[in-house]
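Undergrad: One structure coming up, written as structure tokens, with questions to follow.
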Amino acid sequence: MGPSALFGLQSPSLCFSSTITKFSTPAESLPSKKCKNPIANAVTACMAASPPVAPPSVCLGFKNLMETFTVDVYRAEGRPLNVPLMAPFTIASSRLDRVENVAIRVELSNGCVGWGEAPILPHVTSEDQLTALAKAAEACLFLKQSSGKTLGLVLDEISGILPGHSFASVRAGIEMALIDAVANSIGTPLWRLFGGFSNAITTDITIPIVSPTEAAELASKYRAQGFKTLKLKVGKNLTADIQVLQAIRTVHPDCSFILDANEGYKSEEAIHVLEKLHEMEVTPILFEQPVHRDDWKGLGYVSDVARNKYGVSVAADESCRSLGDVKKIAKENLAHVINIKLAKVGVLGALEIIDLARASGIDLMIGGMVETRLAMGFAGNLAAGLGCFKFIDLDTPLLLAEDPVIGGYEASGPIYNFSNARGHGGFLHWDNIA
């Protein structure tokens, strides 16, 4: 299915005021040429020629934009984006000591710039950094040769260059950057472009696989910062997992838990964890990917027992890497929640999956790999604009030792506010990451 047929999303509104907010970001974020805004100019001329009434309302929903906006890319490039972590990030399937992602910069001929990010997470994303850089270069070359095509057609052809799960992370980064550049062109923040439900979200925060003492220290810190939902990485050692849960419960007794096993348990082990928690009088609000991604029978079994015996919802994450996976999950009642990650399916793929999941009565979660505020800002705007996510897990920038992103959303503990005038508002000092 091509992009033009997508996005029958039941978002509150796809129409918004065409009033353009003054752009006042630091000089480093400005494009090399003046960012001309033809829509803003047309609206200004219309208002100047008319009596002083309310500004006209222009329907600029994403679907409409895909069909009407003509893309003309002046520059496009991908570069390594390497950032240290505050501490090693360990999950059941891998350990990460530093972020080694790929940043994407797209500049349109009107001077407007968009930014994206392709995250690299071993054993989860298919690409390594060298592969991602090579595929990004291929896609960027195509973008520079795509003058005169609609946004929808360009994105459709990008899906052909970077197909399926194998290149989903790079595809997501390219899509982010191009959509961000277009949003900048029309003077619209991304949360409005994606529906306008809200301009803020509240995220959980993740505690990786660590000792009970370290977990308690982190939980105490996060409690002081206002985080009410903790996502715990489990699945590597059943006994240690229970000890960590007990330690966290002691220092943050009122927190809500999400358990994320990252495929680490056998189905009977996952049920045993729920039994132990039940004895502790602890009910997680979500149990994410308890079994291996291909263990469909085990996923369905854990989901059935978790919901009917313990009142716990189960989310499919690694098991959901395509629209076909969602169809299987919905048809066979294998999970109660789908975790959307742009790096698994791309931006357009995510919107397709969201549409299908909502039509099937499956709840939604939005998460990420280990990304900077470039990718998290885009995903956060998407979540805020659509307003359809029951669980929000967009915390990974808080785990980084440095923040290379300038501008973008403002974080106050677990709350992200998207106050920028257009796009997602974040950018990099490009020459500093060469």
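Undergrad: Based on other C-beta atoms within 10 Å, arrange 376, 86 from fewest to most.
TA: Numbers: 376 27, 86 10.
Going from least to most buried by this count: 86, 376.
Undergrad: Arrange 317, 180 by Cβ neighbour counts within 10 Å, fewest through most, would you? Walk me through the numbers before you get to the answer.
TA: On the way: 317 24, 180 30.
Starting with the residue having the fewest Cβ neighbours, the order is 317, 180.
Undergrad: Kindly express, to the nearest 10 degrees and within the range 0 to 90, the angle between helix 168-185's C-alpha long axis and the longest C-alpha principal axis of the chain.
TA: For 168-185 against the chain, the angle is about 40 degrees.
Undergrad: Starting from the Cα gyration tensor of the stretch 200-433, take the square roots of the eigenvalues, sort them a ≥ b ≥ c, and report rounded, prolate or oblate (rounded when a/c is under 1.5, otherwise prolate if a/b is larger than b/c, else oblate).
TA: Working: a/c = 1.98, a/b = 1.21, b/c = 1.63.
The shape class here is oblate.
Undergrad: Something else about it: Could you give the nm distance between label points at residue 307 and residue 200, where each point is 7 Å from its Cα heading toward the beta carbon?
TA: Distance between label points: 3.3 nm.
Undergrad: Another question about this same structure. As a footprinting exposure proxy, order 288, 281 by other Cβ within 10 Å, with the fewest listed first.
TA: Least crowded to most crowded, the residues run 281, 288.
Undergrad: Moving to a separate point now. When DSSP beta bridges are limited to those with both residues in the chain, what percentage is antiparallel, rounded to the nearest 5? Working shown, then result.
TA: Values: 32 of 54 bridges.
Here the antiparallel bridges make up roughly 60 percent for the chain.
Undergrad: Could you give the angle, 0 to 90 degrees to the nearest 10, between helix 38-48's Cα long axis and the longest principal axis of the Cα atoms of the chain?
TA: Result, in degrees: 60.
Undergrad: Per DSSP helix of 4 or more residues, -39500 (n - 2.57); summed, then divided by the residues of the chain. What does that give at 222 nm, rounded to the nearest 500?
TA: Values: 13 runs with 164 residues, N = 434.
Here the helix-only value at 222 nm equals -12000 deg cm²/dmol.
Undergrad: Turning to a different aspect of this structure: Between rounded, prolate and oblate, where does the stretch 177-329 land on the alpha carbon gyration tensor, with a ≥ b ≥ c its root eigenvalues, rounded for a/c under 1.5, else prolate if a/b exceeds b/c?
TA: oblate
Undergrad: As I understand it, the value is the acute angle between the Cα axis of helix 129-144 and the longest principal axis of the Cα atoms of the chain; what does it come to in degrees, rounded to 10?
TA: Result, in degrees: 20.
Undergrad: Evaluate the distance, in nm, between pseudo-label points positioned 7 Å from the Cα of residue 72 and of residue 129 along their respective Cα→Cβ axes.
TA: 3.7 nm
Undergrad: Let a ≥ b ≥ c be the square roots of the eigenvalues of the Cα gyration tensor of the stretch 141-196; is it rounded (a/c under 1.5), or, if not, prolate (a/b larger than b/c) or oblate? Could you put the intermediate results ahead of the total?
TA: On the way: a/c = 2.34, a/b = 1.40, b/c = 1.67.
It comes out oblate by the Cα gyration axes.
Each value in this text was obtained by applying a stated rule to the coordinates, not by laboratory testing. The structure displayed is predicted, hence computed values, not measured ones. All Cβ positions, even for glycine, are placed from backbone atoms using ideal geometry, and neighbour counts span all protein chains on display.
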